[in-house]
Amino acid sequence: MIEIRKLRKQYGSGSRITHALQEINLTIDKGEIYGIIGHSGAGKSTLLRTINLLERPTEGSVFVDGVDLTALSTKKLQDQRRRIGMIFQHFNLLSSATVEENIAFPLRLAGTAKSEARRRVGELLALVGLTEHGKKYPAQLSGGQKQRVGIARALATNPHVLLCDEATSALDPQTTNSILNLLLDINRKLKITIVLITHEMQVIRSICDRVAVIHDGQIVEQGPVAEVFLKP
Ligand code: ADP
Ligand code: ADP
């Protein structure tokens, strides 16, 4: 369902060149939770951001549901991006908008009718356990609650894929567990494919089906979590 072929990404040029990704090949199946782990600077963020083309690869292709995103026009790419939600380490909420408004934001961009958007926001608030908090502003929420808003917003347009960029790295261990459980719950209930990047082994162990280990822009190991991390 996500297929990354011969992907390369370089930043800069001449003597200032950084090879952030070199020949990445990766297949992520529909409905799985796929983890990408590596140290800081390994290329995780660049790799994740090529899956919705927030980063344009220097070479190679990214297929999502059989469509090569690198070959699409800007307009068609926008449509495809609605099928791919994303959440962030620092949540990226609009501080001057309420929880409800934050969640409704992608629906407004997509031109969804107000009544339908209201119904959808209610559904999403219930899904992430924030029904009582819709009228609050982000500053009134805990870190875990903010990430729940981020998740609800990411799911607003019914994506097939959810990309998670160090989604629990700013949270304490207990809140991390509650967010990971929510992601697992969403994966099971909505059959959504989840791709997450992290530098924390615990995150991989607790919810991922398969994992890729990235080092200096290359995948050095990949497979089912139990196999990759049981090797001597
Ligand atoms: P990670 O997410 O694993 O920390 P990144 O994907 O952010 O790694 O970075 C991979 C490499 O690419 C690093 O060497 C980083 O310095 C470099 N890099 C990332 N973004 C840029 C950019 N916009 N311009 C130049 N170099 C970048
Ligand atoms: P915190 O940062 O306060 O630990 P959590 O992410 O653990 O935040 O939870 C956010 C809020 O949502 C809390 O008030 C919690 O009681 C509530 N909550 C968590 N899970 C659910 C759920 N499945 N259904 C309803 N409410 C929930």
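The values are calculated or read from the model by the stated rules, or taken from the named source; none is laboratory data. In this text, all values refer to a predicted model and were calculated from it rather than measured experimentally. For neighbour counting, all protein chains shown are included, and Cβ atoms are generated from backbone atoms with ideal geometry for every residue, glycine included. Ligands, DNA and RNA are excluded from the accessible area calculation, which covers all protein heavy atoms including side chains. Shrake-Rupley method; radii C 1.70, N 1.55, O 1.52, S 1.80 Å.
Output the qualifying pairs, or none if there are none: Cβ atoms under 9 angstrom, residues six or more apart or on different chains, first residue in region 13-34 and among the acidic types (D, E), second residue open to solvent by 70 Å² or more (accessible area, probe 1.4 Å). Taking only residues 6 or more apart or on different chains, the pairs are E23/K6; E23/E59; E23/Q218. If the condition is being touching a helix residue (DSSP H, G or I) at 6+ places or on another chain (Cβ under 6 Å) and within 9 Å of ligand 1 (Cβ to nearest atom), then region 22-72 contributes I36, G38, E55.
Mind checking whether some residue in region 210-224 is β-branched (V, I, T), touching a residue at least 24 places away in the same chain (Cβ under 8 Å) and open to solvent by 40 Å² or more (accessible area, probe 1.4 Å)?
Taking region 210-224 and keeping what is β-branched (V, I, T), we get 211, 213-214, 219-220.
Those left that are additionally touching a residue at least 24 places away in the same chain (Cβ under 8 Å): 211, 213-214, 219.
Applying the additional criterion that residues be open to solvent by 40 Å² or more (accessible area, probe 1.4 Å) yields 219.
So far as region 210-224 goes, yes, one or more of its residues are β-branched (V, I, T), touching a residue at least 24 places away in the same chain (Cβ under 8 Å) and open to solvent by 40 Å² or more (accessible area, probe 1.4 Å).
Out of region 49-61, which residues are open to solvent by less than 60 Å² (accessible area, probe 1.4 Å) and within 12 Å of the chain's Cα centre (by Cα)? Give the derivation first.
Step one: of region 49-61, the residues open to solvent by less than 60 Å² (accessible area, probe 1.4 Å) are 50-53, 55, 57, 60-61.
T50, I51, N52, listed by residue number.
Restricting region 62-104 to residues that are among the hydroxyl-bearing types (S, T, Y) and exposed (fewer than 15 other Cβ atoms within 10 Å of the Cβ), the residue that is farthest from R118 (Cα to Cα) is S73.
The residue that is surrounded by the fewest Cβ atoms within 10 Å (Cβ to Cβ), among those in region 144-169 that are touching a helix residue (DSSP H, G or I) at 6+ places or on another chain (Cβ under 6 Å) and among the small types (G, A, S), is G144. Every listed requirement among (1) open to solvent by 70 Å² or more (accessible area, probe 1.4 Å); (2) in contact with a Phe, Trp or Tyr (Cβ under 9 Å, 6 or more places away or on another chain); (3) within 16 Å of ligand 2 (Cβ to nearest atom) is met by P173 save one, (2).
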